[in-house]
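These notes are about the structure you will find just below.
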Amino acid sequence: MLEPLGRGGFGEVWKCEAPGGLHKAIKFVPNGQTEGEGQSFRQEFEAFQHIKAIRHPFLLTLERVELIEGDLVMVMELADQQLQDRFVECATQRLPGIPRQELLMYLVDAAEALDYIGSKYGLQHLDVKPANLFLVSGHVKLGITGSSARSGRRPPRSIRPAG
């Protein structure tokens, strides 16, 4: 592990170097710190297995999900930064926010990802915010983390079937 990237209510994220020198993000979620009303930790793990199968150019790739010593460990694509970090960058440059054309491009990317998970999987992401929008090579990728995939029995809190 190279450096911590962040810590939140549901664990911490570290930058790491994978075999072959590739950099990845690893999120560690201790047992008992996942979202979901009444969902067991095992159901949360199974929900992440569903997320892992979803691929789209504007979805942050979840590459591996494991239960290690009772904790949830996820290996994800490493983003350049979060959208909220870009906003702070612009503010330090005394800009009123992210320049309009740049922001519109990011919103189009996010909308395409949301449309994809809605039309292909019947899912709605209920936690779209700057902390869940990641910048990668000049595009936004939507992070589907937390309880973000439909489980076999009941949809988790962050994503629900449309309709």
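Check whether at least one residue in region 113-122 is in contact with an Asp or Glu (Cβ under 9 Å, 6 or more places away or on another chain), assigned to a loop (DSSP other than H, G, I, E, B) and either farther than 24 Å from Glu3 by Cα or at pLDDT 90 or above (or both), and report yes or no. Within region 113-122 (the criterion being in contact with an Asp or Glu (Cβ under 9 Å, 6 or more places away or on another chain), assigned to a loop (DSSP other than H, G, I, E, B) and either farther than 24 Å from Glu3 by Cα or at pLDDT 90 or above (or both)), the answer is no, since none of the residues qualifies.
Residues that are surrounded by 16 or more Cβ atoms within 10 Å (Cβ to Cβ) and either touching a residue at least 40 places away in the same chain (Cβ under 8 Å) or polar (S, T, N, Q) (or both) were ranked within region 88-111; the one that is farthest from His139 (Cα to Cα) is Ala110.
Scanning region 55-82 for residues that are in contact with a Ser or Thr (Cβ under 9 Å, 6 or more places away or on another chain) and of a type outside the set (Lys, Arg) gives Leu60, Leu62, Leu72, Met74, Met76, Glu77, Asp80. Within region 70-109, the set of residues being among the polar types (S, T, N, Q) and assigned to a helix (DSSP H, G or I) comprises Gln84, Thr92, Gln101. Filtering region 44-59 to residues that are among the charged types (D, E, K, R) and free of Cβ contacts under 8 Å to residues at least 12 places away in the same chain leaves only Arg55.
The values are calculated or read from the model by the stated rules, or taken from the named source; none is laboratory data. Quick caveat, the model's predicted, so the values are computed rather than measured. Glycine gets a Cβ as well: all are built from the backbone with ideal geometry, and neighbour counts include every protein chain shown.
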